[in-house]
Amino acid sequence: MREYNPRVIEKKWQEIWEEKRVFEASNDMAKEKFYALIEFPYPSGQGLHVGHPRPYTAMDIVARKRRLQGYNVLFPIGWDAFGLPTENYAIKNKIHPRKVTEQNISRFKEQLKSIGFSFDWSREVDTTDPKYYKWTQWIFLKLFEKGLAYKKEMPINFCTSCKVGLANEEVVAGKCERCGSDVIKKVKNQWMLKITEYADRLIEDLETVDYVEKIKAQQINWIGRSTGVELDFRISGKDDALKVFTTRPDTIYGATYMVIAPEHPLIDKYNDIIENMDEISKYREYVSKKSDIERTELTKEKTGVEINGLKAVNPVTNKEIPIWISDYVMMSYGTGAIMAVPAHDSRDWEFAKKFNLPIIEVIKGGNVEEEAYTDTEQGIVVNSELINGLEVKEAIEKMSDWLEEKGLGKRTVNYKLRDWVFSRQRYWGEPIPLVHCDKCGWVPVPENELPVMLPDVENYEPTETGESPLANIKEWVETTCPKCGGKADRETDTMPQWAGSSWYFLRYVDPHNDKELASKEALDYWLPIDWYNGGMEHTTLHLLYSRFWHKFLYDIGVVNTPEPYKKRTSHGMILGENNEKMSKSRGNVVNPDDIVKEFGADTLRTYEMFIGDFEKSVPWSENGVKGCRRFLERVWRLQDIVVSGDSYTKELETNIHKTIKKVSEDYETLKFNTAIAALMSLLNDFNSHGKITTTDLKTFLILLNPVAPHITEELWQVCGLEGMLHDQNWPVYDEEKIKDDQIEMPIQINGKVRGTVVVPADSSQDMIKEKIEENENLMKYIEGKKIVKEIFVKGKIYNIVVK
RNA sequence: GCCGAAGUGGUGGAACUGGCAGACGCGCUGGACUCAAAAUCCAGUGGGGCUCAAACCCCGUGCGGGUUCGACUCCCGCCUUCGGCACCA
């Protein structure tokens, strides 16, 4: 027997697979398809780390298994290559980001290939390729055409010293990450996408897909649909009103003051009447230095300032109430103003306590002097003329009706979800294909002129004014209006990284098409994606954005499914040996190349899957890697004990069929760790007999193949089995053969296991009772006592209750 | 503060739908092989009691209660850890 040498056999089989094009999806659309998708990587400068192969191996296992089951499998790969780190690296090292991207991609490619993933490399996609981003731009134009893209004044983070716009990630504790200077909010006119228009459908259609429950919950919470009433509170003595949204119109009688966002425009409108404008301006400044997250973190102490000189009028009591500003009210949610009901809202209660504002109980049920009573399930309305004595739910309905009748308010729906800010003042992104003409406004670049190519620039730094570096290229910016032919300027903002990743899975089905983003035929055949696995961190952005784009493409007839992904699962992170997140600074990063070199790709793959519960994060362990290598060494040595024939005992045959069932099911339910454990047990079984038959060897190798594809192919060949493993069929278990003849049944006395009896699997209660009576140890608990009850679950347990 | 997930041996983790807790690995201990070591193989391994040994007994799935013939699993209350967050009115 040769020594197990993964370096040689892994390279050998990778070459054979490539040459034979084993993993290319077939164009035979008569076959049943299976589309397995992983999140395509961002090719960073650091290269792959051991976290990457975890989800890739998982989906590779499923893809390989489905191929052996006869499916036409599409398991593609590509590069999400636009983005900030590459651009920053380019700025720092004065290398074109294109060049950096190319280098990173080739490194990633080499690494991924060495692990033996069964990707269809012929369909590789790169979001920075003009042939690709032509279609990203095309989708944007369609969105624009349908009125789903619009311009809006939005604040950006702006570094006062670098004079550049910063991403949230680049702002650390209110300071610029690079230079440490103050970061301020600068208002810019930005392109926005109306994802909110799809909010209801994004919630409703979750019912039609098979996502892990926590993903659905998180998306639903993120979209945050709530129904309520929008109503006006008049400003006393002015022909003006504060619009508020409330889900609790039943508590209006308890609204004793109002709070508006510090940024609320009403403040500026009445700045000559407001008596304490200085104090207000100071508070506004204090708030403006805080990020939204900091504003939300300020949970301990409420802050705020009363607006002196302005009062609002409660529309049901007609009483004057004060107006305050506070940072707990945000301009970005609802109307930027609230009616405060301290008796029945915790935040309002805290605020009222701090500033000594009146608390009026309008729902009976708690003690509003101690804490806010927020229960909507029980409680009777009091102190509320129109609705006294009603339950909360009835009161909400009645009050809403009344407000609508009187024209004081109307029922509305509010969402937490905000529209998608689509502009970036950056170089390394897709140019937004619009032209601004003084006469015609924003005009789309004609489709036949796409792609709008990213021009070469000298300097990738954004401009002093916060414009994109593209703004400096006069000859690129200045163009003619496609509509009137007059002078016009190109949009210089680029798209966010999310753009290219919102539709990449569509391109995979027909990646070389230069007429359409993909042919109708290919889209109809391959969609929806059967299984998409990815990280939880993408739940509310990428996953939601791509669902939104897909729904839009469905509406305009490009795709034929309203949802892109039939099934979505997620994986846990791989931590360092010290149980902390892997990072350069912590010095606990493990490079998969080293593992492949020292132990082999099959060992890496096996360990990544055996490491623990796939959905949970787990620490890396070098000893665990060794254990998996040892397992594969034992598998390798099977070649010494092969004999011809079928399973030699009934028990072994049963074990084989049980393992086929277990492994087949576990691979489909993300339980790779227990699938491998079952294969280890089966191997132990073979070894304890000191032999394995060719029939059993075949089954074993096929079952293990998706996890450790190289060693199993090699053994198939070495042992002289017919053909090649990747051409075989997935084994099927026989329901009859997984049944045990004899079982060891646990016997409980008063719920405690006191022994077992060995009986035929289908024994009746009487037969087991007989066995129990033969057992002295068991009888010693029963004799002299009265049997009160006997519980018998066939094939499972026998419990005798005595007194 | 809110939302979500999770707490099981020295360790990573198993345990069907409420039915023998600790599968399979790692580590550790002992043995075989070796001049020796590594590798490999064999045996043992939750804690405690009683044993030459076995049989057997008690305790044990974050904590406190509860439901049940029977609870890692279900219910109520708490504690801790991790992840997400936009004080959502």
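The values are calculated or read from the model by the stated rules, or taken from the named source; none is laboratory data. Since we're looking at a predicted model, the values are computed, not measured. When we count neighbours, we look across all protein chains shown, and the Cβ atoms used for this are built from the backbone with ideal geometry, even at glycine. Surface areas here come from the heavy atoms of the whole protein model, side chains and all, with no ligands, DNA or RNA. Shrake-Rupley method; radii C 1.70, N 1.55, O 1.52, S 1.80 Å.
State which residue is surrounded by the fewest Cβ atoms within 10 Å (Cβ to Cβ) when the search covers only region A:585-620 and only residues that are assigned to a loop (DSSP other than H, G, I, E, B) and more than 10 Å from RNA strand B (Cβ to nearest atom).
A:585
When you scan region A:306-347, how many residues do you find that are free of Cβ contacts under 8 Å to residues at least 40 places away in the same chain and either within 11 Å of RNA strand B (Cβ to nearest atom) or under 21 Å from residue A:277 (Cα atoms) (or both)?
3
Where residues in region A:391-417 are more than 24 Å from residue A:241 (Cβ to Cβ) and touching a residue at least 12 places away in the same chain (Cβ under 8 Å), which of them is farthest from the chain's Cα centre (by Cα)?
Checked region A:391-417; the qualifying residue farthest from the chain's Cα centre (by Cα) is A:391.
Which of the following residues is closer than 23 Å to residue A:11 by Cα, touching a residue at least 24 places away in the same chain (Cβ under 8 Å) and surrounded by fewer than 17 Cβ atoms within 10 Å (Cβ to Cβ): A:707, A:732, A:718?
A:718
Tally time: how many residues in region A:634-648 are open to solvent by 50 Å² or more (accessible area, probe 1.4 Å) and more than 6 Å from RNA strand B (Cβ to nearest atom)?
6
Mind checking which residues of region A:22-80 are free of Cβ contacts under 8 Å to residues at least 40 places away in the same chain and surrounded by fewer than 20 Cβ atoms within 10 Å (Cβ to Cβ)?
Keep residues of region A:22-80 that are free of Cβ contacts under 8 Å to residues at least 40 places away in the same chain, which gives A:27, A:30, A:66.
Of everything in region A:22-80, those that are free of Cβ contacts under 8 Å to residues at least 40 places away in the same chain and surrounded by fewer than 20 Cβ atoms within 10 Å (Cβ to Cβ) turn out to be A:27, A:30.
If we scan region A:578-599, do we find a residue that is among the polar types (S, T, N, Q), under 30 Å from residue A:418 (Cα atoms) and in contact (Cβ under 8 Å) with a residue 12 or more places away in the chain?
Pass one, region A:578-599, residues among the polar types (S, T, N, Q): A:578-579, A:583, A:585, A:588, A:591.
Then drop every residue that is not under 30 Å from residue A:418 (Cα atoms), which leaves none.
No, there is no match, as no residue in region A:578-599 is among the polar types (S, T, N, Q), under 30 Å from residue A:418 (Cα atoms) and in contact (Cβ under 8 Å) with a residue 12 or more places away in the chain.
Within the set of pairs 6 or more residues apart or between chains, which connect a residue that is closer than 18 Å to residue A:536 by Cβ and more than 6 Å from RNA strand B (Cβ to nearest atom) inside region A:202-226 to a residue that is among the acidic types (Asp, Glu) and open to solvent by less than 90 Å² (accessible area, probe 1.4 Å) with Cβ atoms less than 6 Å apart?
Within 6 Å, the pairs are A:209/A:563.
Quickly run through region A:735-755 and pick out the residues that are open to solvent by 60 Å² or more (accessible area, probe 1.4 Å) and either within 16 Å of RNA strand B (Cβ to nearest atom) or closer than 24 Å to residue A:72 by Cβ (or both).
A:735, A:739, A:740, A:741, A:742, A:744, A:750, A:752, A:753, A:754, listed by residue number.
May I ask you to verify whether residue A:257 is within 24 Å of residue A:396 (Cβ to Cβ), open to solvent by less than 10 Å² (accessible area, probe 1.4 Å) and hydroxyl-bearing (Ser, Thr, Tyr)?
Yes: the conditions hold for residue A:257.
Taking region A:389-433, which residues are open to solvent by 80 Å² or more (accessible area, probe 1.4 Å), in a loop (DSSP other than H, G, I, E, B) and either touching a Phe, Trp or Tyr at 6+ places or on another chain (Cβ under 7 Å) or more than 28 Å from residue A:202 (Cβ to Cβ) (or both)?
Across region A:389-433, the qualifying residues are A:406, A:416.
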